[in-house]
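The values are calculated or read from the model by the stated rules, or taken from the named source; none is laboratory data. Small disclaimer: the values here were computed from a predicted structure and weren't measured. We place every Cβ from the backbone using ideal geometry, glycine too, and count neighbours over all the protein chains shown. Heads up: the accessible areas ignore ligands, DNA and RNA and are worked out on the full protein's heavy atoms, side chains in. Shrake-Rupley method; radii C 1.70, N 1.55, O 1.52, S 1.80 Å.
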Amino acid sequence: MGKHSSAMPVAAVAPGPAAVQPQPVPALSDEFLVLGLDVGGTTMKGEITDASGLVLASGVVATPQGEAAFETMGALGDQLLAELTDEQRDLVARAAVLLPGIVDPVRSIAVFSSNVGWRDVHIGDRFTARWGMPVLIEHDVAVAGWAEWRFGAGRGHDDVCVVILGTGISGTLSVGGRLVRSGYGQTGEYGHIPVRHADGLRCPCGNIGCVETVASGASIARAYGQRTGHETASAADVFALLDTDANAKAVVADAISALADGLLGLIHAACPELIILGGGLAGAGPALTEPLHRTLAERLRVVPAPEVVLGEFGVRAGLAGAALFARQGTLA
């Protein structure tokens, strides 16, 4: 999710007959409220919002490992609903729960998450029964990317690539005004495109030299530490040194080069007019967007270089997306 590396051996992915997308449900009218949860590998966040986006209740809790995470999701929803008045509670008409890893929204199964440590968890109607409302289940990056495309920085554009940069790297692709999804609902695992075949690091997915091994937040911080002997807490600290530290410049330049290499095939295949950067690394702003655009323009010959912009929702793309998805009822 972008936010999370969800890689697992292909042979272990068995989402079954969910080679269709969930049936859309009608959009809610503006008087209703919605509950949204965005589940991450470290924390899960939740909000109850109205049609204008006003937050009426919010909370953040640590994400436990394994199937215990689902009880915590339920408890977080309970907590948010308990903060409302009786009148407000009666207006909460639908919820959306966004999950990392591989998700089968048709059969309501959390197929796999390497970061949180679950496999083949049948969600069924556990949240619907607990909260007393319809609950939509979806993939976190799919919803975050959809929200940026339809309602954020990509609105008005039909051909858009959203790249979520954080602990992992993934995103979405919209072509001809349609969100591209695989047969089992996944979006773009851009972080697992190998770009350093000869001398790269081994990725947790098993390949050598994946984009994530060079351009993720953790990889940037690690590479700086290896070059200098000084550990740094995050990629943000490396970007903060760009004006004064040649090692920071070299590490960031290598990360941007790897990210550009990973996107070149997608750009040639789909010709997006816009690349939107989200996730924690997008906080680097122009220090990331401008050199990425320059690098792409230098390497592209037969297709135009897409504009590279920051997402409007920033680190809130998941939460904002959960609320919009709950309200709209479909990723369309």
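If I ask for residues that are at pLDDT 90 or above and either part of a loop (DSSP other than H, G, I, E, B) or touching an Asp or Glu at 6+ places or on another chain (Cβ under 7 Å) (or both), which ones from the range 200-211 would you list?
Within the range 200-211, 200, 201, 203, 207, 209, 211 qualify.
Taking the range 234-247, which residues are among the aliphatic types (A, V, I, L, M), over 22 Å from residue 209 (Cβ atoms) and over 22 Å from the mean Cα position of the chain (by Cα)?
Across the range 234-247, the qualifying residues are 240, 241, 242, 246.
Are any residues in the range 140-156 of a type outside the set (Gly, Ala, Ser), modelled with pLDDT of 95 or more and buried (at least 24 other Cβ atoms within 10 Å of the Cβ), and if so, which ones?
Pass one, the range 140-156, residues of a type outside the set (Gly, Ala, Ser): 140-141, 143, 146, 148-151, 155.
Those left that are additionally modelled with pLDDT of 95 or more: 143, 146, 148-151, 155.
Once the filter is applied, which keeps residues that are of a type outside the set (Gly, Ala, Ser), modelled with pLDDT of 95 or more and buried (at least 24 other Cβ atoms within 10 Å of the Cβ), the range 140-156 yields 143, 146, 148, 149.
Give the residue that is modelled with the lowest pLDDT, with candidates limited to residues of the range 162-183 that are crowded, with 20+ Cβ neighbours inside 10 Å and of a type in the set (Ser, Thr, Tyr).
So, considering only residues that are crowded, with 20+ Cβ neighbours inside 10 Å and of a type in the set (Ser, Thr, Tyr), the one modelled with the lowest pLDDT is 167.
Name, by its number, the condition in (1) part of a strand (DSSP E or B); (2) more than 24 Å from residue 25 (Cβ to Cβ); (3) aliphatic (A, V, I, L, M) that does not hold for residue 153.
If we test residue 153 against (1) part of a strand (DSSP E or B); (2) more than 24 Å from residue 25 (Cβ to Cβ); (3) aliphatic (A, V, I, L, M), just (1) comes out false.
Yes or no, residue by residue, for (1) touching a Pro at 6+ places or on another chain (Cβ under 8 Å); (2) buried (at least 19 other Cβ atoms within 10 Å of the Cβ); (3) of a type in the set (Lys, Arg); (4) modelled with pLDDT under 95:
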| position | (1), (2), (3), (4) |
| --- | --- |
| 262 | no, yes, no, no |
| 272 | yes, yes, no, no |
| 277 | no, yes, no, no |
| 282 | no, yes, no, yes |
| 286 | no, no, no, no |
| 296 | yes, yes, no, no |
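Could you check, for the range 199-209, whether at least one of its residues is open to solvent by 10 Å² or more (accessible area, probe 1.4 Å) and under 19 Å from the mean Cα position of the chain (by Cα)?
Yes; the residues of the range 199-209 include at least one that is open to solvent by 10 Å² or more (accessible area, probe 1.4 Å) and under 19 Å from the mean Cα position of the chain (by Cα).
Conditions first: (1) within 21 Å of residue 162 (Cβ to Cβ); (2) at pLDDT below 95. Residue 230 passes all but one, so which condition is the exception?
Status for residue 230: all satisfied but (1).
So in the range 248-293, with the set limited to residues that are under 21 Å from residue 170 (Cβ atoms) and of a type in the set (Val, Ile, Thr), which one is nearest to the chain's Cα centre (by Cα)?
276
Of all residues in the range 249-295, count the ones that are over 21 Å from residue 155 (Cα atoms) and among the polar types (S, T, N, Q).
Total meeting the criteria: 2.
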